[in-house]
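To start, the structure itself, in structure tokens.
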């Protein structure tokens, strides 16, 4: 029997390291052929809301930029060595990979830009045709590797960006430290664990080989 490969889907972090010394551009990000039209549209809304333009001359890998509880030193080391096992959901860039070079930004999924919450934008906006673009990006991976099992460790506002693929797993969330609620998604190749951030960090430390 072929052993299934786990790919963990985690959220970006409100806490970010400033600065960066590497140059990049948005077209270099993962899934650019699928996500860049939405990234460009959301970036326009972000700048129109009074935010500074992104400085693509001051980038760093996503695993270094994000500094929330799930991005402990131990987890970051494993992200460096095993980047193919993790996808990151960024409020501004959608799905990215740990090694993607990103500039500093300040945006959350609950932020309203031009009257639309960011998670709703990602759920519905791709030329207004109501396709969930993040689902489409996941399916490109699934089509190449049918044996992959996606395990998400996302808070509810990030789950909402996936239009049903990763929704509702929080309805019976575990509030006790160390507990978790497994939830089999539909289709059943999506497994969700939704718990406190410190447990997510420890879970990744144990399972990222």
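The values are calculated or read from the model by the stated rules, or taken from the named source; none is laboratory data. A quick note: this is a predicted structure, and the numbers were derived from the prediction, not measured. Glycine gets a Cβ as well: all are built from the backbone with ideal geometry, and neighbour counts include every protein chain shown.
Overview of values
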quantity	calculated
Hey, residue 89 under 26 Å from residue 135 (Cβ atoms) and part of a helix (DSSP H, G or I) or not	no
Condition broken by residue 59, with the remaining ones in (1) within 14 Å of the chain's Cα centre (by Cα); (2) in contact (Cβ under 8 Å) with a residue 40 or more places away in the chain; (3) crowded, with 23+ Cβ neighbours inside 10 Å satisfied	(1)
Index of the failed condition, residue 65 passing every other in (1) in contact with a helix residue (DSSP H, G or I) (Cβ under 9 Å, 6 or more places away or on another chain); (2) farther than 21 Å from residue 140 by Cα; (3) touching a residue at least 12 places away in the same chain (Cβ under 8 Å)	(1)
Test: residue in region 3-26 that is under 19 Å from the mean Cα position of the chain (by Cα) and assigned to a helix (DSSP H, G or I)	yes
Extreme residue, modelled with the lowest pLDDT, among residues of region 94-120 that are in a strand (DSSP E or B) and in contact with a strand residue (DSSP E or B) (Cβ under 8 Å, 6 or more places away or on another chain)	95
Residue among 80, 34, 70 that alone is outside any helix (DSSP H, G or I) and either touching a residue at least 24 places away in the same chain (Cβ under 8 Å) or under 22 Å from residue 9 (Cβ atoms) (or both)	70
